[in-house]
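> Quick one: the structure is below, questions incoming.
The values are calculated or read from the model by the stated rules, or taken from the named source; none is laboratory data. Being a predicted model, the structure only gives us computed values, none of them experimental. Cβ: placed from backbone, ideal geometry, glycine included. Neighbour counts: every protein chain shown. These area figures cover heavy atoms from the full protein model, side chains too; ligands, DNA and RNA do not enter into them. Shrake-Rupley method; radii C 1.70, N 1.55, O 1.52, S 1.80 Å.
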Amino acid sequence: MEKLTDDQFAVQAVGLGKRFGGATGPWALRHCDFAVPTGRICGVMGPNGAGKSTLFALAAMLCAPSEGELRLFGSPLTPDGRGDGDGLRARIGFAAQDKPLYRSFTVADTLRMGRELNPSWNQALAERVLRLAELKQDAKVGSLSGGQRSRLALALAIGKQPELLLLDEPLADLDPLVRHDLLGVLLSDAADRGTTVLISSHTLTELEEVVDHVLLLHSGRVRLAGGVDELLDAHRLVSGPADLERPPGEAVEWRVTGRRATGLLHHPDPAPPPAPWTQERPRLDELLLAHLRGAAAGHAQNADTGAPTTDRPSPVTSEAAS
Amino acid sequence: MIEYRLDRRSGVPTYQQIVQQTEQALRLGVLRPGDKLPTAREVVELTAVNPNTVLKAYRELERAGLVAPRPGLGTFVLRSLARPEAAEDGPLRAELTAWVDRARGAGLDREDVAALVASVLDQRFATGLRPGPAPDATG
Amino acid sequence: MSTAQLSGPAPASPGTAEAGADSSGRRSPLRPFRPSGLTWLAWRQSRTAARTLGATVLLAVLVLLVGHFVFRSTLGAIDPDSALLRIGLLAHFTDQVEPAIFVLPVLIGMFIGAPLLSQEHEQGTIRLVRVQSVSPTRWLRTRLAVPALLVLVSVGALAAVSTSLWYWDVYRLDPPSDPAFQGMTYPALGLAPVAWSLYALAVGAAIGQFLRRTVLAVPVTGVVVGLSQVLVHAVRVHFLPLTDAPSWKTSWSMQFVQPSGSWVVEGGYVLPDGSRVANTVCLAGMDCNSRTTLYPTWARVHPVSHLLPMQLVETALLAAVAGVALYLTFRRVARTAL
């Protein structure tokens with residue numbers, strides 16, 4: 001990580017941990033190390049309860065880390081240091097999972113709030129996000145449907161035109177057509193301005209075409225982090241006879257069904273394995289799923305043996321320098 | 001202007017689909033030299049895919065010498081892939097049409113014909129084989 | 001606030017200077033009041049409270065004025081010095097106006113102060129404002145200042161009207177009725193309503209911040225402000241040093257004369273050996289009233305001139321407590337937010 005200068009990363013975690021409920025509370029996130037280069041569309045994936053929302057709350061500066069540090073554009077946020085909180089706030093946009101809004105405000109009031117409180121506000125962009133939902137400007141927020149509220153919350157976050165846009169489960173309440181259109185607006189604007197986007201989903205396939213970087217969380221740990229292409233290049237789906245020795249490479253997942261063995265190998269030989277073996281480049285969802293299953297298995301195993309969690313295989317990360 | 005239709009379930013990486021559809025359009029003459037490709041932004045907005053995916057496809061097309069970016073203006077088609085032989089009134093197409101008619105006459109349905117064509121394509125365009133004058137091309 | 005303003009791209013409004021340190025605030029000195037930035041947000045959020053408060057105060061002022069003119073034009077027309085007029089106005093003040101003004105701060109604390117921050121926590125909107133381009137403490141400052149200003153202006157107006165009517169209609173009469181230091185009279189006069197209302201607002205807001213639930217914060221605020229009133233009522237007497245009331249020997253039936261409108265805190269008799277005893281000794285069996293033992297009297301009082309200084313001391317005390325509550329609130333907000 002030291003080989004790259006800090007400002008190349010929008011978000012960077014070093015030994016990051018967060019616990020709730022004081023010094024004895026459970027860890028929601030721990031031992032997290034990753035870096036998201038600026039300009040990336042990073043998918044934050046993982047099952048419910050993996051720590052995604054905690055990570056978003058930290059990155060949105062809604063709470064301080066309990067240990068380690070989180071750097072936003074190189075500016076560190078630590079348990080006792082505040083960093084350049086106020087300066088950073090203008091550069092970060094966040095739509096939380098529960099989409100809080102003032103219920104007594106109208107749609108127009110809500111947009112006006114965005115305009116009044118953000119110097120970089122882009123009314124046209126926010127209205128483009130809204131128009132997809134055909135929202136009446138004088139409708140009360142409290143009377144909107146879940147999907148419409150989501151849309152308004154997203155308009156507020158996107159209209160701010162932040163350099164780092166944090167969207168926690170933005171698509172959950174939206175119908176497929178709206179999802180597609182929203183992602184179109186979001187991605188084209190991100191492409192225009194070089195915005196870094198962290199977008200989460202518990203549905204692995206939903207963001208497959210959208211992200212070029214992934215951060216896979218499981219039980220509060222980073223299981224996989226890096227550029228999608230680099231990660232896919234570093235993995236191979238391999239299958240062959242079960243009685244043969246496994247081809248070289250670290251097995252993320254290895255399963256034997258009958259006389260066939262299949263699995264996902266990390267850092268396999270550059271050359272394809274010999275004849276009975278076949279291999280292919282995994283799809284992103286296959287890669288994520290294999291890592292999640294591997295993480296869950298490792299978790300269960302550790303729970304059985306009572307081994308300390310640090311004995312688990314280190315998470316896979318790739319340094320994406322570009 | 002070309003509009004990309006991306007199939008998420010095809011298993012073909014998205015950027016390759018963009019490359020293939022552009023090449024297809026160049027082959028069929030839908031895109032001609034001097035035509036402007038949609039901007040990456042436009043493609044992203046319509047297809048909701050990652051901007052880098054589109055840029056990667058455009059770089060690939062650029063590397064193949066098919067398109068070139070003109071700063072501030074957009075990406076433009078440099079050369080066509082359309083071949084006179086493949087045109088609507090070309091001799092190859094006429095031959096193929098005649099062959100398909102014969103195959104139908106012999107009782108093959110659409111799937112049979114497609115499978116047969118695919119198999120011959122696989123055989124003749126297999127890795128390592130260079131297109132060249134085949135001895136039985138005229139037979 | 002019209003939707004027409006929203007149709008175009010955002011103008012580079014000087015109001016957004018609230019938001020970033022980099023944009024310099026340019027304000028034209030002569031501009032009609034049009035809140036912008038955080039002020040707009042706080043104003044928009046306080047709109048309902050402002051309307052309720054404004055309507056309540058208007059209504060109260062109206063009731064006061066109607067009372068004033070009704071009594072003046074009916075009873076006063078018959079006889080300007082009539083006892084009926086006096087009793088009517090006195091009852092009007094002591095039974096209606098003063099209790100209403102006395103509970104006003106409690107209501108302000110419960111229904112404006114307590115929900116102020118607890119609702120932001122409850123509905124999660126505190127997270128919404130914290131991801132805008134404004135610092136959390138600056139937001140909190142404006143969030144509190146706007147309703148405080150509303151309370152200051154409306155309760156101030158009400159107190160000014162009621163105090164002057166009280167002065168002209170009740171107090172100024174001779175002999176004065178409804179002495180200023182009396183139970184509910186004192187907190188309805190002068191500075192007290194404003195000081196107590198602002199205190200209740202601050203305490204309510206702090207309680208809302210720490211409890212984070214409106215259904216809890218509202219009654220707790222009511223209890224805390226009510227208890228504060230009881231407590232301050234009990235210690236108010238010590239805010240200023242007592243003065244000696246002029247006392248003189250009179251006929252046996254009237255031992256001492258109370259200075260007009262003053263608050264007699266303690267009094268009694270001066271025994272022949274010069275020692276002072278409280279007048280409770282009479283109850284304990286001493287013969288205070290017989291001709292043979294006519295003692296000189298003494299009294300320690302707050303004269304009516306103490307009213308304003310005493311209210312100033314009280315205001316300072318309330319301001320100090322409110323200041324501590326606000327300090328804790330700000331510290332909490334600054335700590336939880338980066």
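> With among the hydrophobic types (A, V, I, L, M, F, W, C), under 30 Å from A:His180 (Cβ atoms) and at pLDDT below 90 as the only criterion, which of B:Leu66, B:Leu31 stands out?
B:Leu31
> On to the next question. Quick check, is A:Ala234 farther than 19 Å from A:Ala295 by Cβ and open to solvent by less than 70 Å² (accessible area, probe 1.4 Å)?
No, not satisfied.
> Looking only at residues in the range A:190-202 that are surrounded by fewer than 21 Cβ atoms within 10 Å (Cβ to Cβ) and within 13 Å of another protein chain (Cβ to nearest Cβ), which one is farthest from A:Val36 (Cα to Cα)?
Going through the qualifying residues, I end up with A:Asp192.
> Looking only at the range B:14-33, filter to residues that are in contact (Cβ under 8 Å) with a residue 40 or more places away in the chain and in a loop (DSSP other than H, G, I, E, B); which one of those is most open to solvent (accessible area, probe 1.4 Å)?
So, considering only residues that are in contact (Cβ under 8 Å) with a residue 40 or more places away in the chain and in a loop (DSSP other than H, G, I, E, B), the one most open to solvent (accessible area, probe 1.4 Å) is B:Arg32.
> Could you list, in sequence order, the residues of the range A:237-248 that are in contact with an Asp or Glu (Cβ under 7 Å, 6 or more places away or on another chain) and open to solvent by 30 Å² or more (accessible area, probe 1.4 Å)?
Scanning the range A:237-248 gives A:Leu237, A:Pro248.
> Then there's this: Of all the residues that make up the range C:254-285, how many are of a type in the set (A, V, I, L, M, F, W, C) and modelled with pLDDT under 65?
4
> Filter the range B:34-64 down to the residues that are hydrophobic (A, V, I, L, M, F, W, C) and more than 12 Å from chain A (Cβ to nearest Cβ), then identify the one that is surrounded by the fewest Cβ atoms within 10 Å (Cβ to Cβ).
Step by step, filter the range B:34-64, then rank; the result is B:Ala64.
One line per residue, one yes/no per condition, for (1) closer than 26 Å to A:Leu204 by Cβ; (2) surrounded by fewer than 21 Cβ atoms within 10 Å (Cβ to Cβ); (3) within 12 Å of chain C (Cβ to nearest Cβ):
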site	(1), (2), (3)
A:Arg128	no, yes, yes
A:Val141	no, yes, yes
A:Ala153	yes, no, yes
A:Asp168	yes, no, yes
A:Val178	yes, yes, no
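This table checks each residue for (1) facing chain C (nearest Cβ under 10 Å); (2) open to solvent by 40 Å² or more (accessible area, probe 1.4 Å).
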| residue | (1), (2) |
| --- | --- |
| A:Ala35 | no, no |
| A:Ile41 | no, no |
| A:Ser53 | no, yes |
| A:Ala57 | yes, no |
| A:Leu88 | yes, no |
| A:Arg112 | yes, no |
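> Where the second residue is among the hydrophobic types (A, V, I, L, M, F, W, C) and assigned to a helix (DSSP H, G or I) and the first is under 12 Å from C:Ser118 (Cβ atoms) and open to solvent by less than 20 Å² (accessible area, probe 1.4 Å) and lies in the range C:209-225, which pairs have Cβ atoms under 7 Å and are six or more apart or on separate chains?
That search, which allows pairs on different chains as well, returns C:Gln209/C:Leu117; C:Ala217/C:Ala114; C:Ala217/C:Ile207; C:Ala217/C:Leu211; C:Thr221/C:Met110; C:Thr221/C:Ala114; C:Thr221/C:Val203; C:Thr221/C:Ile207.
> Sticking with this structure for a sec: Quick check on my filter: what residues within the range B:79-107 are in a loop (DSSP other than H, G, I, E, B) and either exposed (fewer than 12 other Cβ atoms within 10 Å of the Cβ) or modelled with pLDDT of 90 or more (or both)?
Hits for the range B:79-107 are B:Arg83, B:Glu88, B:Asp89, B:Ala106, B:Gly107.
> Give me a count of the residues in the range A:218-231 that are open to solvent by 10 Å² or more (accessible area, probe 1.4 Å) and at pLDDT 90 or above.
Residues that pass the stated criteria total 6.
> Next question, about the same structure. Could you say which residue among C:Leu144, C:Leu128 is open to solvent by less than 20 Å² (accessible area, probe 1.4 Å), part of a helix (DSSP H, G or I) and closer than 28 Å to A:Arg112 by Cα?
So the residue among C:Leu144, C:Leu128 that is open to solvent by less than 20 Å² (accessible area, probe 1.4 Å), part of a helix (DSSP H, G or I) and closer than 28 Å to A:Arg112 by Cα is C:Leu128.
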